[in-house]
Amino acid sequence: MAAQTDNFPELPPFPADVPTAPLLRLSLGKLLNHDKDECQNFIQACENIGFFYLNLQDSEHGSRILEDADELFKIGSDLFELNLEEKQKYDFSSQSSYFGYKAQGAAIVDRQGNPDRNEFYNISKDDIMGISNPLPAPDILQKSRKTQESFIQTSHSIVTHLLNLLNDNLQLPPSTLANLHRLHARSGDQIRFVKAPPQPTDDRRTALGEHTDFGTITILFNRLGGLQVLPPGLDAEWLYVRPLPGHAIVNLGDALVKFTNGLFRSNIHRVVSPPGTQADSTRYSLVYFSRPEDEVPLRRLDGTDRIPSLGEGVIEEEINSKDWIIRRALGRRTNLVSGVDFEKSAGTEQLSRRIRV
């Protein structure tokens, strides 16, 4: 299990003089035990910025996911060492699929149309869990399906617990949110491996453009800096999120903004070159994205007075989770979309950007 220190010993340290986002550090063990104060801190984080650290070192679930994450980091590193021609065999974007491989530079990161500076590979939860037909994949991924399955099951279990805590706070009927995110139902849930190589010293800029996540809950593991959030506020500035060993970085996505009409926050974030000497190292990340089941309509939930009303004359778009996710996931791919609308592709939920005062 990873030691609880401020830096990863095998990598350059995160600079001590770089301003960082003041995210709450929450304990998975305490949340699993329904510790009252920790649950209140969790709700506070979800309402104020939608990001928090989750300490995974004090529970069996946490220890398991840390072990799987360590193994998957090694697999991800080897995966990206395959030659580009081999990896591009698994780019399924022309089939309107966001699973499989995305090469560096295949999407834009800003209003000027600059290309991204990372490559990633998305693995379908439904594929690994045997819900859908298996997708073609490189041998290294075929041989590690058991580890992927374990990582998915544990991630999904953590997500389910967090959803149940939100459900209780919202005073919804029991398991309302969890029943929109069942492990063995078809959904857009995925594992993502990410690689961002060092950028030129005279041209270090955004690797992944500013956006809100379009799912429900994201569980992120990374070991180098680079992730930045833009806290709520009129004069807010981008702040790095310092990676912490033994912790995941968790954030809410736009689906929860839709379900709660903006009560919970899906915060803008981006990825830039790591700070200080970390900028000279390759940055790997491992992510689990939880999303609503394919046929779930993306709209305000009924059944509680805790969720704000829509307001007079407001009509919600009629779209299900599957179509909404495809639209968002492929909205910045330059091979699919001409004249990308950067603002629209950054996040469809304007409520997710609103300033809390």
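Remind me, relative contact order of segment 74-189 in percent, using alpha carbon pairs under 8 angstrom and six or more residues apart? The partial results should precede the final answer.
On the way: 110 pairs, mean separation 24.8, N = 116.
Relative contact order of segment 74-189: 21 percent.
How much of the pair distance distribution for segment 53-172 lies past 20 Å, counting alpha-carbon pairs only, in percent?
Working: 3971 of 7140 pairs.
Percentage above 20 Å: 56.
At 1.4 Å probe size, what's the solvent-accessible area of GLU295? Round to the nearest 10 Å².
About 140 Å², ignoring ligands and nucleic acids.
When the Kirkwood hydrodynamic radius is evaluated over all pairs of different C-alpha atoms of the chain, what value in angstrom, to one decimal, is obtained?
Numbers: mean 1/r = 0.0485 Å⁻¹.
Value: 20.6 Å, from the Cα pair sum.
Under a point-charge model restricted to the Cβ atoms of Lys and Arg (+1) and Asp and Glu (-1), what is the dipole moment magnitude of segment 1-81 relative to its Cα centre, in debye to the nearest 20?
Numbers: 5 positive and 15 negative charges, 61 e Å.
Dipole of segment 1-81, to the nearest 20 debye: 300 debye.
If you place +1 on the Cβ of every Lys and Arg and -1 on the Cβ of every Asp and Glu, how big does the dipole about the Cα centre of the chain come out, in debye to the nearest 20? Don't jump to the answer; show the numbers that get you there.
Details: 39 positive and 48 negative charges, 52 e Å.
I would put it at about 240 debye.
Ordering CYS39, CYS46 from largest to smallest accessible area (1.4 angstrom probe), what's the sequence? Provide the component values of the computation, followed by the final result.
Working: CYS39 25, CYS46 0 Å².
Order by accessible area, largest first: CYS39, CYS46.
Give me, ordered by chain and number, the residues 5 or more places off ILE217 or on other chains with an amide H under 5 Å from its own placed amide H.
Here GLY253, SER290 satisfy the definition.
Using only the Cα atoms of segment 161-230, what are the Rg and Dmax in Å?
Computed over the Cα atoms of segment 161-230, radius of gyration and Dmax are 17.3, 55 Å.
So what is the relative contact order of the chain, in percent, for Cα pairs below 8 Å that sit 6 or more residues apart? Before the final figure, lay out the partial values.
On the way: 715 pairs, mean separation 81.8, N = 357.
This gives 23 percent for the chain.
Considering only DSSP beta bridges whose two residues both sit in the chain, what percent are antiparallel, to the nearest 5? Don't skip to the end; give the middle numbers.
Values: 44 of 48 bridges.
Antiparallel bridges: around 90 percent, rounded to the nearest 5.
Please report the projected area of segment 43-102's Cα convex hull averaged over all directions, in nm². If you can, show how the numbers build up before the last one.
On the way: hull surface 27.1 nm².
The number I arrive at for segment 43-102 is 6.8 nm².
Which one, SER150, PRO197, LEU224, is farthest towards the positive end of the dipole of segment 150-227 when Lys and Arg carry +1 and Asp and Glu -1 on their Cβ?
Projecting each Cα onto the dipole axis, the largest value belongs to SER150.
Starting from the Kirkwood radius over alpha-carbon pairs of segment 1-79, derive D by Stokes-Einstein at 4 °C in a medium of 1.567 mPa s and give it in µm² s⁻¹.
Values: Rh = 14.6 Å.
My calculation gives 88 µm²/s for D.
So what are the ³J(HN,Hα) numbers for segment 184-195, from phi and the Karplus equation (6.51, -1.76, 1.60; θ = phi - 60°), rounded to whole Hz, Gly and Pro as x?
Karplus values, whole Hz, x for Gly and Pro: 9, 9, 5, 7, x, 4, 7, 8, 10, 9, 10, 10.
Jot down the per residue volume, in cubic angstrom and as a whole number, of the convex hull over the alpha-carbon atoms of segment 217-279. Please report the intermediate quantities before stating the final value.
Values: hull volume 5.6 nm³, N = 63.
In segment 217-279, the Cα convex hull volume per residue is 89 Å³.
Can you send over the solvent-accessible area of LEU180, 1.4 Å probe, protein chains only, in Å² to the nearest 10?
40 Å²
Applying the Karplus parametrisation 6.51 cos²θ - 1.76 cosθ + 1.60 with θ = phi - 60° to the phi angles of segment 169-174, what ³J(HN,Hα) value in whole Hz is obtained for each residue in order, glycine and proline being reported as x?
5, 7, 6, 7, x, x
For the chain: lysine pairs with Cα atoms under 15 Å, gap of 8 or more or different chains, count?
Summing the qualifying lysine pairs gives 10.
For the chain, modelled as a GNM with alpha-carbon contacts under 10 angstrom, which of ASN114, ASN320, ASN33 fluctuates the most?
Fluctuation is largest for ASN33.
For segment 258-310, which trypsin sites (Lys or Arg not before Pro) are in a loop by DSSP, counting at most 12 other Cβ atoms within 10 Å?
Details: sites: LYS258, ARG265, ARG270, ARG283, ARG299, ARG300, ARG306; in loops: ARG265, ARG299, ARG300, ARG306.
Filter output for segment 258-310: ARG306.
Between ALA107 and residues 5 or more places away or on another chain, which pairs have amide H atoms under 5 Å apart, with H built 1.01 Å from N, and which residues are they?
Under 5 Å from the amide H of ALA107: ASP116, THR334.
For segment 27-166, with the dipole built from +1 on Lys and Arg beta-carbon atoms and -1 on Asp and Glu ones, taken about the Cα centre, which of LEU66, PHE120, ILE108 lies farthest toward the positive end?
The residue sitting farthest along the positive end of the dipole is ILE108.
Just the ratio, please: alpha-carbon radius of gyration of segment 137-274 over 2.2 N^0.38 Å, N its number of residues. Provide the component values of the computation, followed by the final result.
Details: Rg = 17.1 Å, N = 138, 2.2 N^0.38 = 14.3 Å.
Cα-based Rg divided by the globular estimate yields 1.20.
Using only the heavy atoms of the protein chains and a 1.4 Å probe, how would LYS146, LYS102 rank by accessible area, largest first? Write down the numbers at each step before the final one.
Numbers: LYS146 160, LYS102 5 Å².
These residues rank, largest area first, as LYS146, LYS102.
When the Karplus curve 6.51 cos²θ - 1.76 cosθ + 1.60 is applied with θ = phi - 60°, which whole-Hz ³J(HN,Hα) does each residue of segment 96-104 get, with x for Gly and Pro?
6, 10, 9, 7, x, 9, 10, 6, 4
The values are calculated or read from the model by the stated rules, or taken from the named source; none is laboratory data. Bear in mind that the values here come from a model prediction, so they are computed numbers and not experimental data. Quick reminder, even Gly has a Cβ in these numbers, built from the backbone with ideal geometry, and neighbours come from all protein chains shown. Just so you know, the surface numbers come from the protein's heavy atoms only, side chains and all, with ligands and any DNA or RNA stripped out. Shrake-Rupley method; radii C 1.70, N 1.55, O 1.52, S 1.80 Å.
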